[in-house]
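Below is one structure, written out as structure tokens; comments come after it.
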Amino acid sequence: MARTALRIINFHGIGEPERPLEPGEAPYWLSVARFKEMLDRIADHPERDSLAITFDDSNTSDLAIAAPLLAKRGLTAQFFVLTGRIGEAGSLDRAGINALVDMGMPIGSHGIAHRDWSSLPPAELDEELKASKSTLEDVCGFEITDASIPFGRYNAAVLSRLRSAGYRAAYSSDKGSADLTSFLRARTSVRSDTTGIALNDALSGNMPAMIRLRRAARMQLKQWV
Ligand SMILES: [Zn+2]
């Protein structure tokens, strides 16, 4: 029977950034050593089949550092691309995205310009969702069905516009387990200050009570879309 729940661990940049970072972004970058340690925990986890890995922001470290380390451990990950940064210094170019595809890594959209979708006027939100999808379809040569939400910030309108733009799944940063039968899928983003205990909790699906309550409130949005 196909699994319907996954714990998804979300990474960002690995190693030294090759572009200026956005405000608040630095804690999301991991050293190579820390990344390897986290990947080993995932690869060796007793419930490895219930775990999944994603990457946001399409940094060059996705291909240069993460992909080979994933492959070495027999792991795959889904990579969410910012199409406005394709080919810019520090970000994946078209060839880099296709190299990930050739390694069997699924690709999704993270929008164009890393904006907070929940604060955009409808026309600008639609542009982020639709143009990034079609650019990636042109780069990859297949349909792009998944999106990850910048900063994990969404509301009912964001989810509704994602559906209208043709996406079939949206990845948040709500922590806990992702229900694969649902459009909105929770992930846990790890940071350089994520403790071993917090990572273990994320891998085993344990959620601290406060986060569970906050998430339950946010998941109410699902009834609107
Ligand atoms: Zn991002």
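The values are calculated or read from the model by the stated rules, or taken from the named source; none is laboratory data. The shown structure was predicted, so the numbers you read here are calculated from the model rather than taken from an experiment. Glycine also receives a Cβ, built like all others from the backbone with ideal geometry; neighbour counts cover every protein chain displayed. We work out accessible area using only protein heavy atoms, side chains counted, and drop any ligands, DNA or RNA first. Shrake-Rupley method; radii C 1.70, N 1.55, O 1.52, S 1.80 Å.
With all protein chains in place and a 1.4 Å probe, the accessible surface of the stretch 77-185 carries 47 percent carbon and sulfur.
Restricting to the stretch 5-224, compute how many DSSP beta bridges are antiparallel as a %, nearest 5.
Working: 4 of 24 bridges.
Around 15 percent antiparallel, to the nearest 5.
With θ taken as phi - 60° and the Karplus curve 6.51 cos²θ - 1.76 cosθ + 1.60 applied, the whole-hertz 3J(HN,Hα) list for the stretch 34-39 is 5, 4, 4, 4, 5, 4 Hz, x standing for glycine and proline. For the chain, excluding the exposed loop sites themselves (chymotrypsin sites (Phe, Trp or Tyr not before Pro), DSSP loop, at most 15 other Cβ atoms within 10 Å), the longest remaining stretch covers 1-141.
Working with all protein chains in place, sort GLU128, GLU16 by solvent-accessible area computed with a 1.4 Å probe, largest first.
Working: GLU128 5, GLU16 150 Å².
Reading off the accessible areas and sorting them downward yields GLU16, GLU128.
If you wrap the Cα atoms of the chain in a convex hull and average its projected area over all directions, you get 11.9 nm². With helices as the sole contributors, the chain gives -10000 deg cm²/dmol at 222 nm; each DSSP H run of n ≥ 4 counts as -39500 (n - 2.57), and the sum is divided by every residue. Applying the Karplus relation 6.51 cos²θ - 1.76 cosθ + 1.60 with θ = phi - 60° to the stretch 44-58 yields 3J(HN,Hα) values of 8, 5, x, 10, 3, 5, 9, 10, 9, 10, 10, 10, 10, 5, 6 Hz, where x marks Gly and Pro.
Rolling a 1.4 Å probe over the protein heavy atoms leaves SER31 with an accessible area of roughly 60 Å². Along the stretch 176-184 the Karplus relation, 6.51 cos²θ - 1.76 cosθ + 1.60 evaluated at θ = phi - 60°, assigns HN-Hα couplings of x, 7, 9, 8, 6, 8, 9, 5, 8 Hz to successive residues, with x for each Gly and Pro. Each label point was placed 7 Å from the Cα along the Cα-to-Cβ direction; for ASP40 and ARG153 their separation is 3.8 nm.
The trypsin sites (Lys or Arg not before Pro) of the stretch 1-69 meeting both criteria, a DSSP state outside H, G, I, E and B (loop) and at most 13 other C-beta atoms within 10 angstrom of the site's C-beta, are ARG3. With the biggest extent put first, the Cα atoms of the stretch 5-52 measure 38, 23, 13 Å across the principal axes.
Over the stretch 5-224, how many pairs of lysines fall under 28 Å by alpha carbon, counting only those 8 or more apart in sequence or from different chains?
Details: LYS36/LYS72; LYS36/LYS175; LYS72/LYS175; LYS130/LYS175; LYS130/LYS222; LYS133/LYS175; LYS133/LYS222; LYS175/LYS222.
Within the stretch 5-224, the lysine pair count is 8.
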